Amino acid sequence: EVRVQDLLSRMTLEEKIAQMRHIHAYSIMENGKLNEEKLEKMIGGQNYGFIEGITLPGKECLTLMNEVQKYMREKTRLGIPAIQIAECLHGHMALGSTIFPQSIGLGSTWNPELIREMAGVIAEEALLAGVDQALSPLFDIARDPRYGRVEECYGEDPYLVKEMGVAFVKGLQGEPEQSAKG
């Protein structure tokens, strides 16, 4: 809390806004590696809040993210590392990761235990790539086929969506008692 308050008191409005932005890995890479000149040009010495490495296999993603974090800590004014985010709705969205069926198909199983196990695999693969935050699951209820993300929903039944969503979160993070212990 002390460090957070210290940083917030020193941050400009522009720096606070930058903490809500995110960078796609492809925009700072050249020949599969971090291009510091591109990164510097993009962020101008400011910290950005998030980075997404979806264009890379897990190990390469981890290497790039480690380089970006080193840059953020050592070559920006406040040294705040970025949070690495990844789409993980039906698999860690990176080259070489396991991709599972979309949520709408998984919902038809009515099998929360299967979803929990699947999310555990997703968590392992995302962790190997250095992911800090998974952008999933989606708890929307699919009741209108015009909704552009029906395939990301478990179905139209609120009970089903809750059960599958909770199972996914527990698979991704572990049981609450485990997560609290680290």
>> Can you confirm whether Lys181 is modelled with pLDDT of 95 or more, more than 20 Å from Leu62 (Cα to Cα) and surrounded by fewer than 19 Cβ atoms within 10 Å (Cβ to Cβ)?
In response: no
>> Please go through region 24-53 and give me each residue that is in a helix (DSSP H, G or I), among the charged types (D, E, K, R) and within 14 Å of Val131 (Cβ to Cβ), ordered by number.
In response: none
>> Consider region 144-173. How many of its residues are in contact (Cβ under 8 Å) with a residue 12 or more places away in the chain, of a type in the set (Lys, Arg) and out of contact with any helix residue (DSSP H, G or I) (no Cβ under 9 Å at 6 or more places or on another chain)?
In response: 1
> Given Leu78, Leu56, Leu95, which one is within 22 Å of Asn31 (Cα to Cα), open to solvent by less than 20 Å² (accessible area, probe 1.4 Å) and part of a loop (DSSP other than H, G, I, E, B)?
Replying inline: Leu56
> How many residues are surrounded by 14 or more Cβ atoms within 10 Å (Cβ to Cβ), of a type in the set (D, E, K, R) and under 26 Å from Gly58 (Cβ atoms) if we restrict to region 1-35?
Replying inline: 1
> In region 82-92, which residues are part of a loop (DSSP other than H, G, I, E, B) and either at pLDDT below 90 or within 8 Å of the chain's Cα centre (by Cα) (or both)?
Replying inline: Glu87, Cys88
> Among the residues of region 98-111, how many are open to solvent by 40 Å² or more (accessible area, probe 1.4 Å), over 19 Å from Glu52 (Cα atoms) and touching a residue at least 24 places away in the same chain (Cβ under 8 Å)?
Replying inline: 4
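The values are calculated or read from the model by the stated rules, or taken from the named source; none is laboratory data. Please read all numbers here as calculations on a predicted model, not as lab measurements. Positions of Cβ are backbone-derived with ideal geometry, glycine not excepted, and every protein chain shown enters the neighbour counts. Side chains are part of the model used for accessible areas, which takes the heavy atoms of the whole protein and leaves out ligands, DNA and RNA. Shrake-Rupley method; radii C 1.70, N 1.55, O 1.52, S 1.80 Å.
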